[in-house]
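Let me begin by presenting the structure, written as structure tokens, before commenting on it.
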Amino acid sequence: MGGHQNKKQSHPFPNARRTLYKKSFTHPLLRCLSQEESLHILKEIHNGCCGSHVGTWALANKALRAGYFWPTMKQDARYLVNKCEKCQRHATLIHQPAEPLNVMLSPCPFSQWGMDIVGPFPLAPRQKKFSLVAIDYFTKWVEAEPLARITEGEVIKFI
């Protein structure tokens, strides 16, 4: 590779006093870091005296805004956040079922029903604050009845 071609490819990486920088459209010159320096900077931003235990993308962007660059910054930030015990303990929970939901199958209408009591809700007319709900598993037909209080007699009357 000739000197002219090498100079052409290194254009976005100016060299000032043996420190490598990367030109950026959105940030000033970004100082290129070694693997050891980048790990130290990420840990300081994440855990330091002003560390906020932010997520992966915010951590990488904070390093960029601070004027640093290295090629694997987003992957390194993800690795650090995933290994941080505080981040894992206090992170937003993933609201997904632990296992796939199972479909309730029924061979014919009215052979299997499900019932539940829902509430209390804010008071409705005639002091109704509960709802008794039944569903036929075959047809998926739902019946509901508002109730003021839950008693054996009310449930028997509903059935």
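Among the residues of the stretch 135-149 satisfying the criterion of being among the β-branched types (Val, Ile, Thr) and exposed (fewer than 13 other Cβ atoms within 10 Å of the Cβ), which is farthest from Phe121 (Cα to Cα)? So that I can check it myself, show each step before the final result.
Within the stretch 135-149, the subset among the β-branched types (Val, Ile, Thr) is 135, 139, 142.
Narrowing further to those that are exposed (fewer than 13 other Cβ atoms within 10 Å of the Cβ): 139, 142.
On the way: Thr139: 27, Val142: 19 Å.
By that ranking, first place goes to Thr139.
Counting only residues that are over 27 Å from the mean Cα position of the chain (by Cα) and among the hydroxyl-bearing types (Ser, Thr, Tyr), how many does the stretch 27-46 have?
Quick first cut of the stretch 27-46, residues over 27 Å from the mean Cα position of the chain (by Cα) only: 27-37.
Narrowing further to those that are among the hydroxyl-bearing types (Ser, Thr, Tyr): 34.
The qualifying residues number 1.
Can you tell me which residue within the stretch 46-78, out of those that are crowded, with 18+ Cβ neighbours inside 10 Å and aromatic (Phe, Trp, Tyr), is farthest from Thr26 (Cα to Cα)?
Looking at residues that are crowded, with 18+ Cβ neighbours inside 10 Å and aromatic (Phe, Trp, Tyr), I get Trp70.
If I go through the stretch 150-159 residue by residue, how many of them are surrounded by fewer than 11 Cβ atoms within 10 Å (Cβ to Cβ) and within 18 Å of Gly119 (Cβ to Cβ)?
First pass over the stretch 150-159, keeping only residues surrounded by fewer than 11 Cβ atoms within 10 Å (Cβ to Cβ): 151-153, 156, 159.
Adding the requirement that they be within 18 Å of Gly119 (Cβ to Cβ) leaves 151-153.
Residues flagged as surrounded by fewer than 11 Cβ atoms within 10 Å (Cβ to Cβ) and within 18 Å of Gly119 (Cβ to Cβ) within the stretch 150-159 amount to 3.
Please indicate, with yes or no, whether at least one residue in the stretch 125-134 is over 29 Å from Pro28 (Cα atoms), assigned by TED's automatic domain parsing to the domain that holds Ser38 and surrounded by fewer than 14 Cβ atoms within 10 Å (Cβ to Cβ). Please lay out each step first, then the result.
Filtering the stretch 125-134 for residues over 29 Å from Pro28 (Cα atoms) gives 125-134.
With the extra rule that they be assigned by TED's automatic domain parsing to the domain that holds Ser38, the set shrinks to none.
Looking for residues that are over 29 Å from Pro28 (Cα atoms), assigned by TED's automatic domain parsing to the domain that holds Ser38 and surrounded by fewer than 14 Cβ atoms within 10 Å (Cβ to Cβ), one finds none in the stretch 125-134, hence no.
The values are calculated or read from the model by the stated rules, or taken from the named source; none is laboratory data. Please read all numbers here as calculations on a predicted model, not as lab measurements. Using ideal geometry, Cβ is built from the backbone for each residue, glycine included, and neighbour counts are taken over all protein chains shown.
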